[in-house]
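Read-outs: derived from the displayed coordinates by stated rules, not from any lab. Given the structure is predicted, the values throughout are model-derived calculations rather than measurements. Cβ placement follows ideal geometry from the backbone for every residue including glycine, while neighbour counts extend to all protein chains displayed.
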Amino acid sequence: MKQYFPVLKRSPLFAGVGDDDLAALCDCLQAKAVLYQKGETVFHRGDAPCSVMILAQGSLLIQRDDYWGNRSILGAVGGGEIFGEAYAAPDSGVMENDVVAAEDSVVVFFDSRKLLTVCPSACRYHTLVIRNLFYAVSEKNRKLVRKLGHMAKRTTREKLLSYLSEEAARQNSATFSIPYNRQQLADFLAVDRSAMSNELSKMRDEGLLTFQKNHFTLFK
């Protein structure tokens, strides 16, 4: 577990936790690391998780397939990010989506029951971690609102410009990378891949942007 401490320390869940206390917290929360191969499912829709998770290595996709196999990608999980926090509370229901490894990934699980209950030994930072969890849930809600903002746009171009503009602002750079390949980006924005690729080519020809795979540069 110790090899993952550097990425755990970067996670919002452990913001403000000292080096000497992280190991004690991991013991208190019964942390365990699990390796998933690319394409392997971490959670299926309908599973009832009893953990809050942090991605220590790799990347994950949160997705849903309908009855006919049409896929929607709701988001991506990167290194150090928390997921599953919406299901931390008791009786919070089952997973609404699948969580799949986009590459070989390591997930660290923390017992949500231990997390939400301050232990008898009163770990110095346990209350802080509970507060951090609340902030993490709030941030996920804001991300969902931003995604809905992209989805509300009428055309493929408007959806692309909305999403790419947000990523440039979030990464504070006109040159940035996104966590999706072409098909995944189309699934995320709920647009046809061919139409999206054509629109990207048009915007490149118009001098609005350049791209190479999942790397973009925007121009004013």
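Numbers below:
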read-out	value
Cα-based helix-to-principal-axis angle, 156-170 vs the chain, degrees rounded to 10	50
Cβ-Cβ FRET estimate between residue 158 and residue 219, R0 fixed at 22 Å, reported to 0.05	0.80
Total formal charge among the other residues, if their Cβ is under 13 angstrom from that of residue 216, Lys/Arg +1 and Asp/Glu -1	+2
At most 13 other Cβ within 10 Å, DSSP loop - GluC sites (Glu not before Pro), region 127-220	206
Coil-residue chymotrypsin sites (Phe, Trp or Tyr not before Pro) of region 150-220, DSSP, other Cβ within 10 Å capped at 15	219
Mean residue ellipticity (222 nm) of the chain, computed from DSSP H runs ≥ 4 via -39,500 (n - 2.57), nearest 500	-11500 deg cm²/dmol
Folded to 0 to 90 degrees: helix 19-28 orientation relative to the chain principal axis, Cα	80
Counted charge near residue 142, where neighbours are those whose Cβ lies closer than 12 Å (Asp, Glu -1; Lys, Arg +1)	+3
Charge sum, other residues only, whose C-beta stays under 14 Å from residue 98's C-beta, Lys/Arg counted +1 and Asp/Glu -1	-3
Region 135-161 and region 52-98: distance between their alpha carbon centers, rounded to Å	16
Between 0 and 90°, nearest 10: helix 193-205 axis offset from the chain longest Cα axis	70
Unit charges at the beta carbon, dipole of the chain: most positive-side option, 52, 186, 99	186
Long-range HN-HN contacts of residue 56 with modeled amide H, under 5 Å	80, 106, 107, 108
Region 28-112: chymotrypsin sites (Phe, Trp or Tyr not before Pro) in DSSP loop, at most 15 other beta carbons within 10 Å	67, 68
